[in-house]
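Take a look at the structure below.
The values are calculated or read from the model by the stated rules, or taken from the named source; none is laboratory data. Note that the structure is predicted; figures quoted are calculated from it, not measured. Every residue, glycine among them, receives a Cβ derived from its backbone with ideal geometry; neighbour counts consider all protein chains shown.
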Ligand SMILES: Cc1ncc(COP(=O)(O)O)c(C=O)c1O
């Protein structure tokens, strides 16, 4: 399939102040979009002006939530190159999500090619300051104008993007996490491993209540026993316990994070023992109290590494690493961002240049 480029002369003014980009509010000039129709397959692949598009109020995505998405970034490296980090892994995970939601698979190579073309066209939108990037949001939705519970027969796949600021504009500040006792995010056999809107919709009320209690984010427990920790809002969870890197195993209930995998790879390379296993909330509280847990942090594309200073569990609050950023969390952050911005050698082969 050919990708058609529809040039527009109605280009937006790019933000001048790169210290104040925020996150998710500015969108670039162009988007990629392609369509699927049952019996015809994928068709009409276009790079065209980023703007509102027509969609039926009856579309499947609005009623039955048939939607999957991804999040990744393009970076301006110190030598001026433009880089993508493990982009193929995002499309692979997206197809995995699509399969769970009974959506037709798309050609990952083709989506990757479309992304490269879009980033090339939009390269002037990539901000320059360290820590800033062009956030990329692939999205895939059911489009049928039909009310009824079944998989759609028409779909749209699109990629939109926009510049985002440094996540830690004011330095890496440890967060306070509420270990969630009442609500759960996903259960065995559910769609916790898929990156789909419903998982996030289910999480919102817990986030609101966590904020009311002075916490920044929620750490989910397993739905069956409420005994094992799973992941944070948009991050995987990691602990340094007795010098080992410990992280909840991929049990189908959590998102297989690309940052999670990258941090585990870097840790192994540093000679640190990595354990992917069940981590009970009792272990988290006990080891934080005893000091056996020297660090806790979340991992994800947006923040890269986000240190945890405190956990709140019911009436109890425990402090980790004296409420400060841990040494290893800082090292993982420096190595990952160093690779992404081309400051250190990419010995794992994660970077591709546009
Ligand atoms: C629920 C959830 N878990 C984990 C992650 C981290 O995944 P990644 O490292 O691929 O960004 C994300 C972010 O995409 C997320 O939304």
Next item on the list: Answer with yes or no whether residue 295 is part of a strand (DSSP E or B) and buried (at least 19 other Cβ atoms within 10 Å of the Cβ).
Entry: yes
Margin query: Here is a list: 263, 284. Which entry is in contact with a strand residue (DSSP E or B) (Cβ under 9 Å, 6 or more places away or on another chain), in a helix (DSSP H, G or I) and within 16 Å of the ligand (Cβ to nearest atom)?
Written below: 263
Check: Is it true that some residue in the range 142-153 is over 15 Å from the mean Cα position of the chain (by Cα), closer than 16 Å to residue 24 by Cβ and either at pLDDT below 95 or surrounded by fewer than 17 Cβ atoms within 10 Å (Cβ to Cβ) (or both)?
Finding: no
Check: Out of 116, 93, which single residue is closer than 30 Å to residue 147 by Cα and in a helix (DSSP H, G or I)?
Finding: 93
Check: Can you tell me which residues in the range 287-300 are in contact with a helix residue (DSSP H, G or I) (Cβ under 6 Å, 6 or more places away or on another chain) and within 16 Å of the ligand (Cβ to nearest atom)?
Finding: 297, 299, 300
Check: On the given criteria, is residue 313 within 16 Å of the ligand (Cβ to nearest atom) and crowded, with 17+ Cβ neighbours inside 10 Å?
Finding: no
Notebook entry, point to check: Of the residues that sit in the range 211-258 and are in a helix (DSSP H, G or I) and more than 15 Å from the ligand (Cβ to nearest atom), which one is nearest to residue 97 (Cα to Cα)?
Noted result: 211
Next item on the list: Residues that are under 18 Å from residue 119 (Cα atoms) and either within 16 Å of the ligand (Cβ to nearest atom) or within 23 Å of the chain's Cα centre (by Cα) (or both): find the strands (runs of 3 or more DSSP E) completely inside the range 36-86 holding 2 or more of those.
Entry: 72-76, 82-85
